[in-house]
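The values are calculated or read from the model by the stated rules, or taken from the named source; none is laboratory data. Predicted, not measured: the structure shown is a model, and the values here were computed from it. Cβ: placed from backbone, ideal geometry, glycine included. Neighbour counts: every protein chain shown. Please note that ligands, DNA and RNA were not included when accessible areas were found on the heavy atoms of the full protein model with its side chains. Shrake-Rupley method; radii C 1.70, N 1.55, O 1.52, S 1.80 Å.
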Amino acid sequence: MAGAIIENMSTRKLCIVGGILLVFQVIAFLVGGLIAPSPTTAVPYMSVKCIDVRKNHHKTKWLMPWGPNHCKKLKDFDEAVSRQIEANDIVFAVHIPLPSKEMSPWFQFMLFIMQLDIAFKMDNDLKENAEITLDVSLAYRDDMFNDWEEIAHAIEIRKLKCTFGSPKTVESEGRHYDCDFLPFMEIGSVAHKYYLINIRLPVNDRKGINVGIGEIKDIRLVGIHQNGGFTKVWFAMKTFLTPSILIIMVWYWRRITLMTRAPVLLEKVIFALGISMTFINIPVEWFSIGFDWTWMLLFGDIRQGIFYAMLLSFWIIFCGEHMMDQNERNRLSGYWKQVGPIAVGSFCLFIFDMCERGVQLKNPFYSIWTTEVGTELAMAFIIVAGICLCLYFLFLCFMVFQVFRNISGKQSSLPAMSKARRLHYEGLIFRFKFLMLITLACAAMTVIFFIVSQVTEGHWKWGDITIQVNSAFFTGIYGMWNLYVFALMFLYAPSHKNYGEDQSNGDLGVNSGEELQLTTTITHVDGPTEVYKLARKEAQE
């Protein structure tokens, strides 16, 4: 009778396979820790205050903070007051990148956050729940002498959250508020060499626009982009892993099609997991080097969402197929209670992502968190997704407990078997529990490395060796889940090995009732796997 490869593999061979996978896992971590640089770089930018006194200036002119055609600058707002320059005629200009540098498509994305330097003044105090209106424009060019081409223009509102640590008295005038960072802009590609941002703070006393926002001294931006060196390492990993998973997936499905039976649900789910992993691995990011594909961030989120939804579904079905009664097994509809929360949670996160990054495809300055309605909507989606995740893990923990209890109950039948048969089934139970523990270890490593990457400084230095912790986290966890899927398809592929005649019913030393308990699901020689049969509950229960 044929089972899965893991059921017919000796402990020695299983250890060899595990050792090989462990070596590749260590290599995945070392690639990120020793070869790749830090995943991202943060660059601070100080805006330059430019003067523009022309009418409709925001439609006709771009103001450069430096260079041969730089704007007329202001040192501070005291100079503007002395020269009788109005606030509507002041433009905050930021050139990206800094002088003598160029942006590159290898940077993949740009994320900007804004910090306002606001000074306290008795006659211009910052109101409670104040909002600032920004008239922002973004342009690009690929040569220092070309004209600027507009990418986007928008009028955005940001809510100021500031605190003042001193008493608001005359003596405290000039001291700055402590303000939170504001989301400013996100672009999903870096297809051009130079970018220019012009920011205006239009003032309209009658409409109450930019009134009661304090005395703004400066606008600072922090630009975050992916490091080109990390991008190259990441692309190389994807290019290497794609054929690896694709080959094992084709091999896995070919072994299933060679069987005389139809594929069971667990085999279909493992194959679907392999497809979702391949979907993540396909290095379509190579095209972003030559094309201005601003949707790559959204596309990457969708690919990851599909994989993780498939992975969570696999864990539920894997446990259920080793626990449920025969009449409920091998049907996807039997798992609607457990898979339902996964579908609802994934849908909520997808809608949230579309409301954020989907809108940013047209307006890179948009953020769903800048309005009360948007914030409440976003929090609603995240809370619903969190509730669904909690329900899922409750279901999963309960099912894992049931599986282990069920298998432990079946072990009572083992002493009545012949020694060879008993050792065989004990090996099956051990390998099943081993796979469950490996799954738990993978999930735990993902959480642990995520926490470590958040609380450390980004790198560890041992003598002359510098380990990039964040890069090791990304490459190591990405490699780990690829190895996990690879191991599943290899170990759970149907085995073409048959048990000898010495393991027939007569040699088991059990009566017909005990044999029914272990083999009642067998319909032909290519029937379900051994662990699958061993762990089922008896129909009489």
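Here are the numbers:
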read-out	value
Computed E for LEU246/LYS161 - FRET, C-beta separation, R0 45 angstrom, nearest 0.05	0.40
Cross-link pairs beyond the 28 Å C-alpha cut-off, checked among LYS49/LYS193; LYS161/LYS217; LYS49/LYS232; LYS121/LYS207	LYS49/LYS232
Tensor-based shape of the stretch 73-131 (alpha-carbon gyration tensor, a/c under 1.5 rounded, otherwise prolate or oblate)	oblate
CYS390 - accessible surface, heavy atoms, 1.4 Å probe, Å² rounded to 10	90 Å²
Among 25-35, 115-125, the order from most to least packed when residues are scored by Cβ within 10 Å on average	25-35, 115-125
Listed peptides 14-24, 36-46 by packing density, highest first (mean Cβ within 10 Å)	36-46, 14-24
Shape call, the stretch 112-201: gyration tensor on alpha carbons, a/c limit 1.5	prolate
5 angstrom amide H check on TRP62, placed H, neighbours 5+ away	none
Distant-in-sequence amide H partners of PHE109 (H built 1.01 Å from N, under 5 Å)	GLN226
Accessible surface of ILE157 - all protein chains present, 1.4 Å probe, nearest 10 Å²	80 Å²
Shape category assigned to the stretch 42-226 from the gyration tensor of Cα positions, a/c cut at 1.5	prolate
Accessible area, probe 1.4 Å, largest first, for residues GLU372, GLU7	GLU372, GLU7
Ranked order, SER10, SER104 - accessible area, probe 1.4 Å, largest first	SER10, SER104
